[in-house]
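Report on the structure given below.
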Amino acid sequence: MAAQLNNPLPPGYQLEQYRIERQLSLGGFSIVYLARDESGNLVVIKEYLPNSLALRRDGKILPSIAEEHKAAFRHGMRCFFEEGKALAGLSHPNVVRVLNFFRANETVYMVMQYERGRTLQEYVQKSRGEIREKFLRGVFLRLLNGLREVHARKLLHLDIKPANIWLRSEGSPVLLDFGAARQTLAADLRLLKPMYTPGFAAPEMHGERQLLGPWSDIYSVGASLYACMARAAPQAADARIKGDRLVPATKRWAGKYSPQLLQTIDWCLRLNHMERPQSVFALQRALAQPKVAPPPENLISSLRTRLRDLVAQ
Amino acid sequence: MRFTIHQESRPGKRPSNQDRVAYCYSRDALLMVVADGMGGHLHGEIAAQIAVQYLTESFRSEAAPALADPFAFLENGLTRAHHAIYDWAAQRQLADHPRTTCVACVVQNSVAYWAHVGDSRLYLIRDGRVTAQTRDHTRVRLMVERGELDELMAANHPSRNKVYSCLGGSHAPQMDFSRKTPLHAGDVVVLCSDGLWGPLGSELLSRRLRRGNLLEETPRLLDEAEELGGATCDNLSVVAMAWHDDYDDVAGAISTLAMPLDAFTTEMEAFAELHGQPGDVSDEEIERAIRDITAAIRKYSK
């Protein structure tokens, strides 16, 4: 079914103690706004409004929800609660902070801290020339501190990509958008498909979801690093399984970045989840110490991959 | 009163969570409860829910703002919860009665009072050592006390989980009561289900909670127990409370000094929501989820 686009709340709309400034983004699951609180501070507000289930028509505030979608709409709120719970119990400089959570307009809202800056995606798109290795290592090392905290709470982010990494003006990163962090939720609700971004999602996101683990987020970290160098998303994992056309970072940027960084990226981007770094800590170690070589290529599996590719051709 | 408290309940590797935890406090008294609904009987989670709810509701009506007699409160509360579970099953003509273990603790005037039924435990940790703990109502525990088993054999004994006293069964429960135990600043009181103490053991549990921030240490402790619990990890639940001096300024601590006489704060974990059927999300559940989240925001924003 073709989902219609939802209309955002109008600028100036008073939502509890917050005044909407403008819409920041519109996703399939929610709308994100920039707003001001009663003392004039900027905050980010995320409104739960899946467009496949609830429609806000032009000029209206309350969304209309078809009778047959009411249960699914409520059920989807759980995903939103999961995100809220995940973030509320986390206080880390590299993870976005939740300030408030409330119910209004027949849906629910999450208020998060706003900080000056831009996304890593914007940064990469606007910068001229190569992104420097030192910058990449610095951003990702700190980001991984935040991700480690997330994993320590038995949560997976599952949607790490440059657009979900915020760079404060002073350069430190903040992990945003835990909308996909919902490992506990039933995947059988057809209208609320698990969301992921092609190119950044690990192969197990596409199929065998019981294999999801820290290594799935690590795949996305590798894909994000790759994307910063390529200025485009890498080939999607499901397509890679059918025919891997992803040029290894070690080959594509040989001589431009240190072999150790490029090897680490390729290590994260292994299709077999067992062959990637198994924990954020392992990856951090590789990123922090340029001299440590990643584990040797698994000969048999690389032969198997090559054989499979030959057969596929 | 000033204290830091954290409660958490996780399903482990089980399909549903039959543990229930809650705490509730007035200006002058604090109640903490853990109940572990028994598997192998129907509706263990309902028995646990009734026990926890019954005790917290009695507390709210009787602690005004202090309880007249904490031991009498515990005895009456547990006995009536037992009858309430029994009646619930009888009304529905269930062949098998739901059952639950229960451990409950009251703190009032810096003195702790506790009682338990079954194998959910309470530990009092002082200076990193367990200075008091409940004795499980299990045959295995009796055998250890008679010298027929050592701790290691007990930990692996096939009937280590068989309790001879519980709430909701056909027999009147056997309850054990503590002494009146004055709390010192720095004491940690831990109530937990066997899903937590089983994999960890008393030694490790007390070592982990001896210092540091309870709000951070407790989730880690659960992680560790879950890891040790492995592929069949049981439901695991805990209420952990660190006692402070009234004038100690501890980050994340709760002070009841400024509370009105008739005010109560109750925290009950809301787990059912993750395991319910799609579509049965009630208004109440939404409100509860929002309450949980805002409570967590407040707790961690200090």
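The values are calculated or read from the model by the stated rules, or taken from the named source; none is laboratory data. Just so it is clear, the structure is predicted and the values come from calculations on it, not from any experiment. Positions of Cβ are generated from backbone atoms using ideal geometry, with glycine treated the same way; all protein chains shown enter the neighbour counts.
Restricted to the stretch B:230-266, and to residues that are within 14 Å of chain A (Cβ to nearest Cβ) and crowded, with 19+ Cβ neighbours inside 10 Å, which residue is nearest to B:Asn109 (Cα to Cα)? Don't jump to the end; show me each part of the working.
Pass one, the stretch B:230-266, residues within 14 Å of chain A (Cβ to nearest Cβ): B:231, B:233, B:236, B:251-252.
Of the ones still in play, those that are also crowded, with 19+ Cβ neighbours inside 10 Å are B:233, B:236.
Values: B:Cys233: 38, B:Leu236: 30 Å.
That would be B:Leu236.
Residue check: is B:Thr134 crowded, with 22+ Cβ neighbours inside 10 Å and β-branched (Val, Ile, Thr)? Steps first, please.
Details: crowded, with 22+ Cβ neighbours inside 10 Å: yes; β-branched (Val, Ile, Thr): yes.
When the stated conditions are applied, B:Thr134 passes them.
Given the options A:Leu158, A:Leu99, name the one that is surrounded by 17 or more Cβ atoms within 10 Å (Cβ to Cβ) and either over 30 Å from A:Ser279 (Cα atoms) or within 13 Å of chain B (Cβ to nearest Cβ) (or both).
Working: A:Leu158 fails: either over 30 Å from A:Ser279 (Cα atoms) or within 13 Å of chain B (Cβ to nearest Cβ) (or both).
The match here is A:Leu99.
Looking at B:Gly37, is it without any contact (Cβ under 8 Å) to a residue 60 or more places away in the chain, buried (at least 19 other Cβ atoms within 10 Å of the Cβ) and of a type in the set (Gly, Ala, Ser)? Show your work before the answer.
Working: without any contact (Cβ under 8 Å) to a residue 60 or more places away in the chain: no; buried (at least 19 other Cβ atoms within 10 Å of the Cβ): yes; of a type in the set (Gly, Ala, Ser): yes.
Taking the combined requirement at face value, the residue does not satisfy it.
For the stretch A:26-55, how many residues are small (Gly, Ala, Ser) and either loosely packed, with under 15 Cβ neighbours inside 10 Å or at pLDDT 90 or above (or both)? Even if it seems obvious, please write down each step before you answer.
Our first condition is that a residue be small (Gly, Ala, Ser); within the stretch A:26-55, this holds for A:27-28, A:30, A:35, A:39-40, A:52, A:54.
Adding the requirement that they be either loosely packed, with under 15 Cβ neighbours inside 10 Å or at pLDDT 90 or above (or both) leaves A:35, A:39-40.
The total comes to 3.
Testing A:Val150 on (1) more than 14 Å from every other protein chain (Cβ to nearest Cβ); (2) in a helix (DSSP H, G or I); (3) buried (at least 23 other Cβ atoms within 10 Å of the Cβ), one condition comes back false. Which one is that?
(1)
Just to be sure before I move on: is B:Thr101 modelled with pLDDT of 90 or more, within 25 Å of B:Gln133 (Cα to Cα), of a type in the set (Ser, Thr, Tyr) and assigned to a helix (DSSP H, G or I) in the structure I sent? Break it down stepwise before answering.
Numbers: modelled with pLDDT of 90 or more: yes; within 25 Å of B:Gln133 (Cα to Cα): yes; of a type in the set (Ser, Thr, Tyr): yes; assigned to a helix (DSSP H, G or I): no.
Answer is no for this residue.
Please work out which one of (1) within 20 Å of B:Met1 (Cα to Cα); (2) in contact with a helix residue (DSSP H, G or I) (Cβ under 8 Å, 6 or more places away or on another chain) is the condition B:Arg141 fails and give its number.
(1) is the only condition that B:Arg141 fails.
Going by the structure shown, is A:Tyr219 buried (at least 19 other Cβ atoms within 10 Å of the Cβ) and in contact with a Lys or Arg (Cβ under 8 Å, 6 or more places away or on another chain)? Spell out the reasoning first.
On the way: buried (at least 19 other Cβ atoms within 10 Å of the Cβ): yes; in contact with a Lys or Arg (Cβ under 8 Å, 6 or more places away or on another chain): yes.
So A:Tyr219 fits the description; yes.
From the list B:Ala115, B:Ala81, B:Ala89, exactly one residue is modelled with pLDDT under 95, surrounded by 15 or more Cβ atoms within 10 Å (Cβ to Cβ) and touching a Leu at 6+ places or on another chain (Cβ under 7 Å). Which is it? It would help to see each step written out before you state the result.
Numbers: B:Ala115 fails: modelled with pLDDT under 95; B:Ala89 fails: touching a Leu at 6+ places or on another chain (Cβ under 7 Å).
Being modelled with pLDDT under 95, surrounded by 15 or more Cβ atoms within 10 Å (Cβ to Cβ) and touching a Leu at 6+ places or on another chain (Cβ under 7 Å) holds for just one of B:Ala115, B:Ala81, B:Ala89, which is B:Ala81.
In the stretch B:50-77, what residues are in contact with a strand residue (DSSP E or B) (Cβ under 8 Å, 6 or more places away or on another chain), surrounded by fewer than 24 Cβ atoms within 10 Å (Cβ to Cβ) and not small (Gly, Ala, Ser)?
Scanning the stretch B:50-77 gives B:Gln53, B:Thr56, B:Arg60, B:Pro65, B:Leu67, B:Phe71, B:Phe73, B:Glu75.
What is the one condition in (1) modelled with pLDDT under 90; (2) assigned to a loop (DSSP other than H, G, I, E, B); (3) not hydroxyl-bearing (Ser, Thr, Tyr) that B:Arg135 does not satisfy?
(1)
Could we say that B:Leu74 is under 20 Å from B:Cys166 (Cα atoms) and part of a helix (DSSP H, G or I) here? Spell out how you get there, then give the answer.
Values: under 20 Å from B:Cys166 (Cα atoms): yes; part of a helix (DSSP H, G or I): yes.
Taking the combined requirement at face value, the residue satisfies it.
In the stretch A:102-140, how many residues are in contact with a helix residue (DSSP H, G or I) (Cβ under 9 Å, 6 or more places away or on another chain), surrounded by fewer than 19 Cβ atoms within 10 Å (Cβ to Cβ), of a type in the set (A, V, I, L, M, F, W, C) and within 14 Å of chain B (Cβ to nearest Cβ)?
Qualifying residue count, the stretch A:102-140: 1.
Pick from the stretch A:56-85 the residues that are in contact with a Pro (Cβ under 8 Å, 6 or more places away or on another chain) and within 14 Å of chain B (Cβ to nearest Cβ): which of them is surrounded by the fewest Cβ atoms within 10 Å (Cβ to Cβ)?
Initial filter on the stretch A:56-85 (in contact with a Pro (Cβ under 8 Å, 6 or more places away or on another chain)): A:56, A:71-73, A:75-76.
Now restrict to residues that are within 14 Å of chain B (Cβ to nearest Cβ): A:71-73, A:75-76.
Values: A:Ala71: 16, A:Ala72: 22, A:Phe73: 23, A:His75: 22, A:Gly76: 27.
Checked the stretch A:56-85; the qualifying residue surrounded by the fewest Cβ atoms within 10 Å (Cβ to Cβ) is A:Ala71.
The rows are residues; the columns are (1) farther than 21 Å from B:Tyr54 by Cα; (2) at pLDDT below 85.
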position: B:Thr232; (1), (2): yes, no
position: B:Val238; (1), (2): no, no
position: B:Trp243; (1), (2): yes, no
position: B:Ala251; (1), (2): yes, yes
position: B:Thr266; (1), (2): no, yes
position: B:Gln277; (1), (2): yes, yes
position: B:Tyr300; (1), (2): yes, yes
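State all residues of the stretch A:164-184 that are surrounded by fewer than 19 Cβ atoms within 10 Å (Cβ to Cβ) and modelled with pLDDT under 85; if no residue qualifies, say none.
Of the stretch A:164-184, the ones surrounded by fewer than 19 Cβ atoms within 10 Å (Cβ to Cβ) are A:168-172, A:183-184.
Hits for the stretch A:164-184 are A:Gln183, A:Thr184.
Keeping to the stretch B:286-300, report how many residues are of a type outside the set (D, E, K, R) and under 19 Å from A:Glu106 (Cα atoms). Explain how you work it out, then say what you get.
First, the residues of the stretch B:286-300 that are of a type outside the set (D, E, K, R): B:286, B:289-290, B:293-297, B:300.
Next, only the ones that are under 19 Å from A:Glu106 (Cα atoms) stay: B:286, B:289-290, B:293-294.
Number of matching residues: 5.
Under 24 Å from B:Tyr123 (Cβ atoms) and in contact (Cβ under 8 Å) with a residue 24 or more places away in the chain: which single residue out of B:Ala89, B:Ala51, B:Ala66 fits that description? Steps first, please.
On the way: B:Ala89 fails: under 24 Å from B:Tyr123 (Cβ atoms); B:Ala66 fails: under 24 Å from B:Tyr123 (Cβ atoms).
Going through B:Ala89, B:Ala51, B:Ala66 in turn, just one is under 24 Å from B:Tyr123 (Cβ atoms) and in contact (Cβ under 8 Å) with a residue 24 or more places away in the chain: B:Ala51.
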